[in-house]
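Engineer: One structure follows; several queries about it will come next.
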Amino acid sequence: MKKQVINLMIDKTQISQKSSIQKTPGVCGGNARIRDTRIPVWTLVSFREQGVSEEELLKNYPELNQEDLEAAWTYYANNKAEIAQIIEAEHSKSLYDSDFNLWVEETVKQLQAKNYEMIDWDNLIEEVADLSRSEKRALKSLLTRLLEHLLLIAYWDSERDYNLGHWAGEIQNFRNDILELLATSPSLKPYLIEVFDDCYQNARKFVIKKTRLAPKVFPTEAIATVEQALDEDWLPIGSHE
């Protein structure tokens, strides 16, 4: 939805009518900008607080003039708390790219203090969404590796005696990791069932290349059900004979 732009003229006794602040209604007035240049007031204030002179600002922003800067400083003088919040929120966004761990710590502090205006919401939402994606990726990877080893035990006869202990140990580890993930996030169980066949096909492709056996050796249909694959007492030894 297009936001309505409201022209807020700055104190006419202090500056010319040619310079104005345009402000789009929003959280903490974060869209207050210099007339039609669209340059945010908070950006100029932030630079000034870092020691950048007005001369340097005018050089770097040739579309601005001295009256524009005076308009920005006047707006800041009347809205210090608002601008300070915006600057800190923008700092949090840049912190996300430069020091992720510190960004997490700062975000937790702001949430605990209920300083919601200071939260880097865009990146926080993305991180929360990625938690689910990460768990799904981990679950799919573990399931594929589990099925690979079940196929190796079932069909790589020439290597089974030598590698059985190692493969069985790996199978147990994968099962433990999957069950732990499901215990932490039970809602992933339907996803496990959903991707089971895809994981089996990926596992089958892998073991065909690894063993160099004929593709027909490995069934195109899964050699185990979901329950069997996760059953710590089940192994497919002799199931193909």
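Engineer: Kindly check whether there is at least one residue in the stretch 222-238 that is touching a residue at least 24 places away in the same chain (Cβ under 8 Å) and in contact with a His (Cβ under 9 Å, 6 or more places away or on another chain).
Structural biologist: yes
Engineer: For the stretch 55-77, give me each residue that is under 22 Å from residue 91 (Cβ atoms) and of a type outside the set (A, V, I, L, M).
Structural biologist: Residues satisfying the conditions are 56, 60, 61, 73, 75, 76.
Engineer: Residue 146 versus (1) touching a helix residue (DSSP H, G or I) at 6+ places or on another chain (Cβ under 8 Å); (2) of a type outside the set (Phe, Trp, Tyr); (3) on the phi > 0 side of the Ramachandran plot: which is the lone unmet condition?
Structural biologist: For residue 146, the failing item is (3).
Engineer: Separate question: If we scan the stretch 151-159, do we find a residue that is more than 30 Å from residue 91 (Cα to Cα), hydrophobic (A, V, I, L, M, F, W, C) and exposed (fewer than 15 other Cβ atoms within 10 Å of the Cβ)?
Structural biologist: no
Engineer: Shifting gears a bit: Filtering the stretch 48-62 down to residues that are modelled with pLDDT of 80 or more and within 33 Å of the chain's Cα centre (by Cα), which residue is surrounded by the fewest Cβ atoms within 10 Å (Cβ to Cβ)?
Structural biologist: That would be 49.
Here's the yes/no breakdown for (1) at pLDDT 80 or above; (2) crowded, with 19+ Cβ neighbours inside 10 Å:
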position	(1), (2)
14	no, no
28	no, no
43	no, no
64	yes, yes
68	yes, yes
74	yes, no
77	yes, no
87	no, no
103	yes, yes
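Engineer: A further question on this structure: Would you be able to say whether some residue in the stretch 180-192 is surrounded by fewer than 19 Cβ atoms within 10 Å (Cβ to Cβ) and β-branched (Val, Ile, Thr)?
Structural biologist: yes
Engineer: Considering every residue within the stretch 128-137, establish whether at least one is buried (at least 18 other Cβ atoms within 10 Å of the Cβ) and of a type outside the set (A, V, I, L, M, F, W, C).
Structural biologist: No, the stretch 128-137 contains no residue that is buried (at least 18 other Cβ atoms within 10 Å of the Cβ) and of a type outside the set (A, V, I, L, M, F, W, C).
The values are calculated or read from the model by the stated rules, or taken from the named source; none is laboratory data. Computed from a prediction, not measured in an experiment: that's the story for all the values here. Glycine gets a Cβ as well: all are built from the backbone with ideal geometry, and neighbour counts include every protein chain shown.
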